[in-house]
Every structure is written in structure tokens, then in C-alpha cells.
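Note sheet for the following structure.
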Amino acid sequence: MKNKSMPTSIDVLTYNNTLLVYPDPLGVSVNVTCIAMIGGVNYSQSVILHAPSGPLNNVRGFILNATSIKMNWTTSSETNGYVIEYTTGGVTRNVVSTSEEEIVLTDLSPMSTYTISVYSYIDLPSVNSTVTVLKFDVPSPVTSLSVSNVSTTGITVNWTIPSSGNYVAYYIISYTPSCLQLSSVNETVSVGPHQSTTTYSYTLIGLYSGMNYTITVRAGNVLGGSDPSFVDENTLSIAPTGVADFLFLLQPINNLTWNEVNCSQRNGLITGYTVIISNSSITYNLTSTERYIILNDLVFGTEYNISVAAVNSVGRGPFSDPIEVEIGIGM
């Protein structure tokens, strides 16, 4: 406590006087004694000014809307109230008080970062404030986006959450398959805005096998979403489940063509096709890396059954329904 070496003389007609007490250090109880001399007699009066034993706990900020933040906290010691000081840009300083363990700060400036200090007091303030830095804006993008646990139908996506000054209420995970016949999917997961972890994981299920996916993650709150972060990954392949249909044999050059397998049923990159040709006396297979093949060994006037199956790195898919052709008929 700052002391004066000389006592202050108080006139006998003075009934009220103000004494400024500057506790040093803060957070300790201070005994203040006033001594007055009247008619050669000393009169004294003492008062103890109390301060809380320590700072507050769990001071947290929640963005309510485009201009308001709700602050709340807990305390384990006796207190008469709380003082909240908040600044932005190191310039604007505001001080408010409350007797409750929460307060709503209004008329704030969006797209700003606020430093918010909360003190408790009895007669004097607590030894230290609890400081919270809150970015009053959409969150920063997530970082270190990666994948793990890749299977034939699932991918786990991992990322580092935005820094503690960011207020994040949800993540939007979007995944777009490389097959243009399929649509993108968006999934939203709500999270506690004050997470104790620095990383987050989310598993995508029900995916197509052997499919390339572009995965996007955005962090968001009531003010909007962050810029997206991207990662590409393929699910593991299985043998094709679709068929190469609409077989057609162009005579007399015997050029056999067929449609490609639906991209949602390829289950991986198609590397070739197996063509099976049979009749009552023979059966043999041919291979092609294209969606056509010239059949040079067919005998004029002979009937054949022809089927085609797609092949990828894992195996061969089902054969198509056979077409029946007679060589030389219809020429």
C-alpha cells in the first residue's frame, strides 16, 4: 500500500472525506485506518478492504449474432461482483460490471478481434484478470487436412482446428466424387465452441469403392464459414460390379463395340476387357484395352454368343448378357 509519511489534518467541520486506496500488490486484503485529532484527542477508525483470493475460472465467450458476444465464467471464492474490460485494436477500451456470472457485450464491431479481461471483486479486485482473446469474425480455415483409415467404402478426415481465438460452432464436410453422374454430399457436424483438443476427425461412410473424392472442410459460426481446405483421396478398389452393355458387332469387318461401365460401378480404374466367344463347339477368350475389338477368326455362316466383362486392378467384373450373331447374315 502506498503510504504518506505525514498525516493529513482533517478540519473538525469536515464530515466526509475520500481516501484513494491503491493496493500493491492487488489481490490482498488491506487494513485502512483513519486517525483524527480533535481537541488534542486522537480518534481512529479502521476498516478492512477484502479482495478475492484469485482469478476466475472457465472464462468463455460465445458469439450470439453480428454485434453481440456472451461471456460467462465460474468462481470458487467469495465475490460481490465482476468487472469486464474489453478492447479491440488496442484502441477502443470499454468497461462494464455485473453481479451475475455472465454478461452480453453488445454493439461490437464485426471482423474484429477482442481482448476481454474479467475481474472479480469484493471491496478490491482480484489479483489478476482472466483474459480471453476472441476473434469476432468467421473462423480461420482449418489446417493440416489429411486422411487416414481408408477403406473400400470409408475415409477418415483429420484436421487441425483454428487457433483458440477463433469461435467455431460447426464444420461442413463436403465430398465430391470424380464420377460426374454422382452429386456432391455435404455433412454438417456441430461442435462445442471451446474444444479442449487441437485436432478433429470425421469419418465419411457409404462411399463408392475405387472412387476419387475431393474432400472440403470449412469451419463456421453464426457469422458464416471459413475459406475451404481441400484434400483428394481414393477409396480402395474392388472388382467391377457393373457390366459393359449394348454390345454391337459391325459386319463385315466384325468390329465389336460396347458401352463403358457406369462410373459408380467400376470400383476402380478399368484397365481392360475380357471378351468371351462361344457356340456349340468352341469357347475362347480375347482381351482388349479399348472398348472395341476386331474379331478376325469368326467363320462365315456360323452362330456365336458374345459377352464382355470389365477388368480393373482387383479383378474381373460380371459378364454382360450375351448377344447372338450369325456371321455373314444381314450383310
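Within region 54-86, the residues that satisfy the criterion of being among the β-branched types (Val, Ile, Thr) and within 10 Å of Ser117 (Cα to Cα) are Val59, Val83, Ile84.
Scanning region 275-298 for residues that are in contact with a Ser or Thr (Cβ under 8 Å, 6 or more places away or on another chain) and within 16 Å of Pro322 (Cβ to Cβ) returns Val275, Ile276, Ile277, Asn279, Tyr284, Asn285, Leu286. Going by what's in this entry, would Ala239 be described as under 24 Å from Pro177 (Cα atoms), outside the structural domain of Gly154 (by TED's automatic domain parsing), not hydroxyl-bearing (Ser, Thr, Tyr) and not in a loop (DSSP other than H, G, I, E, B)? Here the answer is no, as Ala239 does not meet what is asked. Residues in region 299-311 that are farther than 11 Å from Thr274 by Cα and surrounded by 14 or more Cβ atoms within 10 Å (Cβ to Cβ): Thr302, Tyr304, Asn305. I'd like to verify a number: residues in region 84-113 that are within 32 Å of the chain's Cα centre (by Cα) and either assigned by TED's automatic domain parsing to the domain that holds Gly220 or among the small types (Gly, Ala, Ser) (or both), how many? So the answer is 4.
Here is a yes/no grid of residues against (1) surrounded by 12 or more Cβ atoms within 10 Å (Cβ to Cβ); (2) hydroxyl-bearing (Ser, Thr, Tyr); (3) under 30 Å from Leu269 (Cα atoms); (4) in contact with a strand residue (DSSP E or B) (Cβ under 8 Å, 6 or more places away or on another chain):
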{"position": "Val95", "(1), (2), (3), (4)": "no, no, no, yes"}
{"position": "Glu102", "(1), (2), (3), (4)": "yes, no, no, yes"}
{"position": "Val118", "(1), (2), (3), (4)": "yes, no, no, yes"}
{"position": "Tyr121", "(1), (2), (3), (4)": "yes, yes, no, yes"}
{"position": "Pro125", "(1), (2), (3), (4)": "yes, no, no, yes"}
{"position": "Asn149", "(1), (2), (3), (4)": "no, no, yes, yes"}
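Here Ser120, Ser140, Ser144 are screened, and the one residue that is more than 26 Å from Asn234 (Cβ to Cβ) and under 19 Å from the mean Cα position of the chain (by Cα) is Ser140. For the condition under 10 Å from the mean Cα position of the chain (by Cα), touching a residue at least 40 places away in the same chain (Cβ under 8 Å) and surrounded by 13 or more Cβ atoms within 10 Å (Cβ to Cβ), Gly210 does not qualify. Pairs are defined by a Cβ separation below 8 Å, a sequence spacing of at least 6 or placement on different chains, a first member in region 249-261 that is over 11 Å from Val308 (Cβ atoms), and a second member that is of a type in the set (Gly, Ala, Ser) and part of a loop (DSSP other than H, G, I, E, B); the pairs so defined are Gln251/Gly328; Gln251/Gly330; Pro252/Gly328.
The strands (runs of 3 or more DSSP E) falling completely within region 252-326 that include 1 or more residues that are of a type in the set (A, V, I, L, M) and under 43 Å from the mean Cα position of the chain (by Cα) map to 270-278, 303-312.
Of the residues making up region 179-201, those that are touching a residue at least 60 places away in the same chain (Cβ under 8 Å) and in contact with a strand residue (DSSP E or B) (Cβ under 7 Å, 6 or more places away or on another chain) are Pro193, His194. Just name the residue that is nearest to Tyr292 (Cα to Cα) out of those in region 214-236 that are touching a Lys or Arg at 6+ places or on another chain (Cβ under 6 Å) and part of a loop (DSSP other than H, G, I, E, B). Of everything passing the filter in region 214-236, Pro228 is nearest to Tyr292 (Cα to Cα).
The values are calculated or read from the model by the stated rules, or taken from the named source; none is laboratory data. Quick caveat, the model's predicted, so the values are computed rather than measured. So basically every Cβ, Gly included, is an ideal-geometry build from the backbone, and we count neighbours across all protein chains shown.
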